[in-house]
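Below: the structure, in structure tokens.
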Amino acid sequence: MDSSKIKKGLGRGLSSLIGETKIETQKNKLSVSDLVPNKYQPRKIFDEKNLDELASSIRERGILQPIIVRKSNDEQLKFEIIAGERRWLAAQKVGLHDVPVVITEADNLKSLEFAIVENVQRHDLNPLEEAQGYKKLIDEFSYDQEKVSKFIGKSRSYITNALRLLSLPDEVVKLIENQKLSAGHAKILVGLENASFVANKIIENKLSVRQAENFVKLFRKSKQKSTKSKDANIMHLEMSIVNKVGLNVEIKNKKNNKGRITFEYKDLDQLNKIIDIIKSNY
């Protein structure tokens, strides 16, 4: 085997995150049937449309970037994919029998590190898959959040916030996995009572992240009020205004149907937006 360093060809900046680790490698070709998925692969969902596009590219140009593999510890005569599972799946769609590979000697930790780095740098993971990858480093390989932070090249707070997503209810997790909620929306829902209800409202009303933040503020305020609950029609009206304007609003309605509407703004731009909306309706 030739000794070489993993260079940028394996993914832009890959070596800078993994470190200049020397790994024994051997370039080769293997049958697609000889490869098995990486058991440490954090990515669980592969977009079919993207796979079809990759398959079309492979049909035209072939596989330009070898798949990185190691000998499988679980299946004799098989090789476990460390990086390049999408290429392997797309190759099967095209009907290729053999694929170019780089056979490397890597332990379980290195295998997980490769898989996380490749996916994070290419933005291939949904927020939960990314968080689950970090959690594996912590739970199975004794990393702490500081070490994960340095390894990935992200701030400590980024890692902390990513891991917090794993506390979301299963229903919300499914919505994120199915790309009905973005990472920005998911972060808003962490630690929120009735997160599933709020998540469905965000989707139902097609709220942007900023609108969702205002909606959650309103939702929390309503939960903090006295035991005397606000009229459902008033709450619905507040939500409708939040959705329309994108700013937090509170309606106080008295028994004689007199009251006031309060808009919350953070800067002059938001104030001007309120003024413009009022002017446009009068």
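Taking each residue of the range 268-282 that is within 14 Å of Asn248 (Cα to Cα) and looking for partners that are assigned to a helix (DSSP H, G or I) with beta-carbon atoms closer than 8 Å, six or more apart or interchain, yields Lys273/Val245; Ile274/Val245.
Could you look through the range 119-170, keep only residues that are in contact with an Asp or Glu (Cβ under 9 Å, 6 or more places away or on another chain) and outside any helix (DSSP H, G or I), and pick out the one that is surrounded by the most Cβ atoms within 10 Å (Cβ to Cβ)? Ranking the qualifying residues of the range 119-170, first place goes to Asn126.
Could you check the range 255-282 and list, in sequence order, the residues that are assigned to a loop (DSSP other than H, G, I, E, B) and more than 41 Å from the chain's Cα centre (by Cα)? Within the range 255-282, Lys255, Asn256, Asn257, Lys258, Tyr282 qualify.
Among the residues of the range 192-234, just one is modelled with pLDDT under 75, more than 21 Å from Glu264 (Cβ to Cβ) and charged (D, E, K, R), namely Lys228. State yes or no: is Phe263 surrounded by 12 or more Cβ atoms within 10 Å (Cβ to Cβ) and at pLDDT 80 or above? Considered against the rule, which asks whether it is surrounded by 12 or more Cβ atoms within 10 Å (Cβ to Cβ) and at pLDDT 80 or above, Phe263 comes out as yes.
So, of the residues in the range 232-254 that are touching a residue at least 12 places away in the same chain (Cβ under 8 Å) and more than 30 Å from the chain's Cα centre (by Cα), which turns out to be nearest to Asn214 (Cα to Cα)? Once the filter is applied, the top-ranked residue is Val249.
Scanning the range 168-186 for residues that are among the charged types (D, E, K, R) and free of Cβ contacts under 8 Å to residues at least 60 places away in the same chain returns Asp170, Glu171, Lys174, Lys180. Looking at the range 134-160, which of its residues are within 12 Å of Glu113 (Cα to Cα), within 16 Å of the chain's Cα centre (by Cα) and aliphatic (A, V, I, L, M)? Residue satisfying the conditions is Ile152 alone.
Of note, Ile58 satisfies the criterion of being more than 25 Å from the chain's Cα centre (by Cα), assigned to a helix (DSSP H, G or I) and surrounded by 15 or more Cβ atoms within 10 Å (Cβ to Cβ).
With respect to being under 29 Å from Glu177 (Cα atoms) and assigned to a loop (DSSP other than H, G, I, E, B), Ile45 fits the description.
The values are calculated or read from the model by the stated rules, or taken from the named source; none is laboratory data. Values in this document were obtained by computation on a predicted structure and should not be read as measured data. Virtual Cβ from ideal backbone geometry, glycine too; neighbours counted across all protein chains shown.
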